[in-house]
Amino acid sequence: MRDIRVATVQFQHAAGDKAYNFGRIRHFVTEAAHARVEMIAFPEMCLTGYWHVRKLSRAAFEALAEPVPDGPSTRDLLDLSREHGMTIGAGLLERASDGGVYNAYVVAMPDGAWAVHRKLHVFEHPNICAGNRYTVFDTPHGCRVGVLICYDNNIVENARATALLGAEILLAPHQTGGCNSVSPRGMKPSDPAVWARRHEDPAGCEAELCGPKGRAWLMRWLPSRAHDNGMFLLFSNGIGPDDDEIRTGNAMVLDPYGDVIAESRALGDDMVVADLDASVLPTSSGRRWLRARRPDLYESLTRPTGQEQETRRVRFGE
C-alpha cells in the first residue's frame, strides 16, 4: 500500500429519489476532487434510500433495484469516477440476473474497473437476499480494499476474513444510530424533538447523536475492527430522519490502531478528509497478530453450534 488521501461522507438521502441522491454524491465528489482525494466512501443504500424499503410491496421493492454494472446508477458512478480520477463507493439495491435483490455496495474505479459487495447479514425487506462471499480487490491507487456493509461489521469473523484476504482499507458503509435494539444496553431511538431543535440547541443535539444511541455505541466495537485486523477503516453513515428513525452521522476514518484520525460532529450532511500513512500498517498490532495466528486451533469457528439464526430474527428478536 502507498499513502493515499481519502474521504468519507454522511448525508441524509431522500427515499426512492435516485436523482437527488446522486446529486449529493456528485456534490461531495466534486468537493473531494478539489481536496485531491483519491478514494471516497458514501453510506449504505444511499442511492435508493434505506429504511423506507421495509414497507414497500415486493413489486415496488424490486422496481427500485438495478443491475450491476449495467444499471444507470453504476454507469453514473463509473463516469464520475473517470471524470475525477477517484475511486467511489456507494450503496444501492442490486437486481441480480436470477431476479434476486441484494443490499449492495458498488465501488467504481477510474480505470473502468468495478467491484460490488452484497451485504451478508440482511433484514431490510422480507424479499431481500443475503450475499455469500467476501469482497476484497485491488484499486488503481495502489491499495487493496475490502467492503463490509453495516451489520456485516458486527460479526467479528467478517472483519478477520476480510483482513486475511489482504484488505488494507475497509470501507464500512452504514445506516445506523438511533435504532431500537432488543438489547437493554444496545442502541435506542433518538428523540425527534431533539433533532428538530438542532439549530436552537446544537449542543443538545450533538450530545444525543454522540451518546449511547450513536457515536458512543460505535466506539464500543468499531475501533476494534480496525485495530485487531490492522486495517484503515472508512465509516460512512446516514444523518437525520430516515423514515421513523434518526441516523446519527459521525462519519469517521480510523487508522490500523483503532484511533480516529478524522471525524464529523456535524448535524447534517458533511465530509471528512484524511491522509492514510501506509508506513503504520506493517508493524501495527493487528498486522503482527495476524502472523501469530494458529489456524490449527480454529476448527470450532466453522462448526455450527445449533444456535445460529437468520439475521432478521436476531436483529428484531423474532
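Miscellaneous remarks
- Per-residue ellipticity at 222 nm, computed for the chain from helices alone with -39500 (n - 2.57) per DSSP H run of at least four residues, works out to -8000 deg cm²/dmol.
- Between Arg198, Arg160, Arg185, the residue with the greatest mean-square fluctuation in the GNM of the chain (Cα pairs under 10 Å linked by springs) is Arg185.
- The antiparallel fraction among DSSP beta bridges confined to segment 28-108 stands at about 65%.
- Estimated distance in nm for a label pair at Gln309 and Arg36, the labels positioned 7 Å out from Cα along Cα-to-Cβ: 5.2 nm
- The HN-Hα couplings worked out from phi for segment 18-24 by the Karplus form 6.51 cos²θ - 1.76 cosθ + 1.60 (θ = phi - 60°) are 5, 5, 4, 5, 5, x, 5 Hz, whole numbers, x standing for Gly and Pro.
- Zone of Val194's modelled label, taken as backbone nitrogen in segment 168-186 under 15 Å from a point 7 Å along Cα→Cβ: 177-181, 186
- Shape call, segment 184-312: gyration tensor on alpha carbons, a/c limit 1.5: oblate
- Sequence-separation-based contact order of the chain, relative, with Cα cut under 8 Å and 6+ spacing, percent: 19 percent
- Sum of side-chain charges, Leu222 neighbourhood, beta-carbon under 14 Å (Lys, Arg +1; Asp, Glu -1): -2
- Sulfur and carbon atoms: percent of accessible area, the chain [1.4 Å]: 50 percent
- Put a dot 7 Å past the Cα of Ala63, heading toward its Cβ, do the same for Asn180, and the two dots end up 2.8 nm apart.
- Reachable aspartates and glutamates, given that their alpha-carbon falls under 15 Å from the alpha-carbon of Lys188 and they are not under 8 places away in the same chain: Glu208, Asp242, Asp244, Glu245
- Comparing Thr74, Thr302, Thr139 in a Gaussian network model of the chain (Cα springs below 10 Å), the most mobile by mean-square fluctuation is Thr302.
- The distance between label points at Asp275 and Leu301 comes to 3.5 nm (points 7 Å beyond Cα on the Cα→Cβ vector).
- Three-way shape label, segment 81-141, alpha-carbon gyration tensor, a/c 1.5: prolate
- Between Asp201 and Asp244, the C-beta separation translates, for a Förster distance of 30 Å, into a calculated FRET efficiency of about 0.85.
- Per residue, in Å², the accessible surface of segment 92-138 once ligands and nucleic acids are set aside, probe 1.4 Å: 37 Å²
- Extension gain, Ser224 back to Asp17 (0.36 nm per residue minus Cα-Cα distance, nm): 71.0 nm
- For segment 129-156 versus segment 1-62, the gap between their alpha-carbon centres in whole angstrom: 17 Å
- Val106 sits among other residues whose Cβ lies under 14 Å from its own Cβ, and their net charge, with Lys and Arg +1 and Asp and Glu -1, is -1.
The values are calculated or read from the model by the stated rules, or taken from the named source; none is laboratory data. Since this is a predicted model, take the numbers as computed values, not measurements. All Cβ positions, even for glycine, are placed from backbone atoms using ideal geometry, and neighbour counts span all protein chains on display. Keep in mind that these areas ignore ligands, DNA and RNA; they rest on the heavy atoms of the full protein, side chains included. Shrake-Rupley method; radii C 1.70, N 1.55, O 1.52, S 1.80 Å.
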